[in-house]
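Worksheet: one structure, shown below.
The values are calculated or read from the model by the stated rules, or taken from the named source; none is laboratory data. These figures come from a predicted structure and were not determined experimentally. Note that each Cβ is placed from the backbone with ideal geometry, even for glycine, and that neighbours are counted across all protein chains shown.
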Amino acid sequence: MDRLPTPDKNLVLTLCFLVFGLAVFSTPALAQQDDRARALDLYESNNFAAALPLLEKVAAANPNDPVILSRLGFALYATSATEKDPAARQKLRDRARSTLMRSQSLGDDSNLTSMVIDALAAPDATQVPFSNVKAAETAIREGEAAFVGCDMDKAIASYKRALELDPNLYDAALYAGDAEFKKAHNSTDPQFRNDHFDASGVWFAKAIAINPNRETAYRYWGDALDAQGKTNEARDKFVDAIVAQPYNRNSFVGLTQWADRHTVRLGHPRIEQPSPSIRSNQQGNQTTVTIDPSKLDPKSPGYYWSFYDLTRATYKTANFPKEYPDEKEYRHSLKEEATALRIVAEIASKDLKEGKTKSLDDSLNNLIRLNDAGFLEAYVLFVRPDQGIARDYDGYRKANRDKLRRYWLEVVIGQ
């Protein structure tokens, strides 16, 4: 499984977890086997400083080896985190990104590589403080250095001290959990592994208690649970990650990889909507609605969807000012989209029950099932969001977190 870097601060801290998820692509010339094997061994043991010169040497001799290039890119990335000079650090980051892009062009299609390339394209956040509490900042930086050096016990002690000094320091709890995960992953003793996977969960739970709307602790906790064979519990944490931050693509990696590992098919209901039958034009307080009369024929394939179009055509002036009195400018909203879809579902369902129509297509049947189950808003937020709809997510999640989770468990996964 790939453990992806967190998108906000000190992305390199998770590199010690990333190495075991990368795919192997090719074998270089026999003359390079010894150096290559040593470089990979050092890398897999997270000794990036010792691995770097060997990786450089092997990459120079084998510039088309994506395995070596991917490891070299990550080693450069790890080294950049400890470089104090901003110009030298940026040079290392640039080299890391170009090396990983080269690896990607040669067949490295892992989520991990894509995420780190994106992270390296963003501004360097290495010098952004973790905490405004000076002593906590010092402690977590000490933990960072120990983590990169793969001294997990020292890292955990530093992260624990940082959290004690700043009880709201999410990253300290998250990284302590990471370090416990690392200890468990590197051991072959079953009891030791379970004990430290469990310990990682304790830390991840602390991070979630600090901020339940960040995805990372849920996702990492899911990895720990899955490594213990707790398949369903892992699934639930991966779902929680999506519910926490659905518009962050990192959030989906855990569930996607879990589904691949366990051969589980994921899928949202398929709802195909015909082109609009109604168009509106607003001038001042006047709204002119133009209707395609052929779509109003009950025998027309687009008949029921004409009610969606009509609802949206009048919503801007008739409903939006009342439902969003604090907003001065109209935007497409969750309420508008859900209302329009619900009207289609209710009219189609009523006609089917009363025998006015003998059958409905799959899209309408799926829409009716979502509406009957109370998942219409969840579907809109996860499948049909635009910039306006996404603004309603936090408010809806606050009152309906369990319903959002159930949508994934019962519809996307349990279909």
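I'd like the residue in the range 245-275 that is without any contact (Cβ under 8 Å) to a residue 40 or more places away in the chain and part of a loop (DSSP other than H, G, I, E, B) and, out of all such residues, is nearest to Ala119 (Cα to Cα).
Gln245
Name the residues in the range 73-94 that are under 17 Å from Phe48 (Cα atoms), over 25 Å from the mean Cα position of the chain (by Cα) and in contact (Cβ under 8 Å) with a residue 12 or more places away in the chain, would you?
Correct list: Thr79, Thr82, Arg89, Leu92.
Can we say Thr311 is β-branched (Val, Ile, Thr) and touching a strand residue (DSSP E or B) at 6+ places or on another chain (Cβ under 9 Å)?
No; evaluated as a whole, the condition is false for this residue.
Could you list, in sequence order, the residues of the range 322-351 that are among the small types (Gly, Ala, Ser) and touching a Leu at 6+ places or on another chain (Cβ under 9 Å)?
Passing the criteria: Ala338, Ala340, Ala345, Ala348, Ser349.
Are any of the residues in the range 376-383 surrounded by fewer than 17 Cβ atoms within 10 Å (Cβ to Cβ) and either of a type in the set (D, E, K, R) or more than 24 Å from the chain's Cα centre (by Cα) (or both)?
No, that holds for no residue.
For the range 46-62, indicate whether the set of residues that are buried (at least 21 other Cβ atoms within 10 Å of the Cβ), under 30 Å from the mean Cα position of the chain (by Cα) and farther than 18 Å from Ala145 by Cβ is non-empty.
No, the range 46-62 has no match at all.
Say we look at the range 111-136 and pick out the residues that are of a type outside the set (A, V, I, L, M, F, W, C) and in contact with a helix residue (DSSP H, G or I) (Cβ under 7 Å, 6 or more places away or on another chain); which of these is nearest to Tyr170 (Cα to Cα)?
My answer is Ser131.
Looking at Phe197, Phe181, which is the one that is in a helix (DSSP H, G or I), over 21 Å from the mean Cα position of the chain (by Cα), crowded, with 16+ Cβ neighbours inside 10 Å and aromatic (Phe, Trp, Tyr)?
Selected residue: Phe197, the only one of Phe197, Phe181 that is in a helix (DSSP H, G or I), over 21 Å from the mean Cα position of the chain (by Cα), crowded, with 16+ Cβ neighbours inside 10 Å and aromatic (Phe, Trp, Tyr).
Within the group Arg369, Arg397, which residue is more than 24 Å from Glu323 (Cβ to Cβ) and part of a helix (DSSP H, G or I)?
Going through Arg369, Arg397 in turn, just one is more than 24 Å from Glu323 (Cβ to Cβ) and part of a helix (DSSP H, G or I): Arg369.
State whether the residues of the range 198-212 include one that is at pLDDT 95 or above, of a type in the set (D, E, K, R) and more than 30 Å from Asp109 (Cβ to Cβ).
Checking the range 198-212: at least one residue is at pLDDT 95 or above, of a type in the set (D, E, K, R) and more than 30 Å from Asp109 (Cβ to Cβ).
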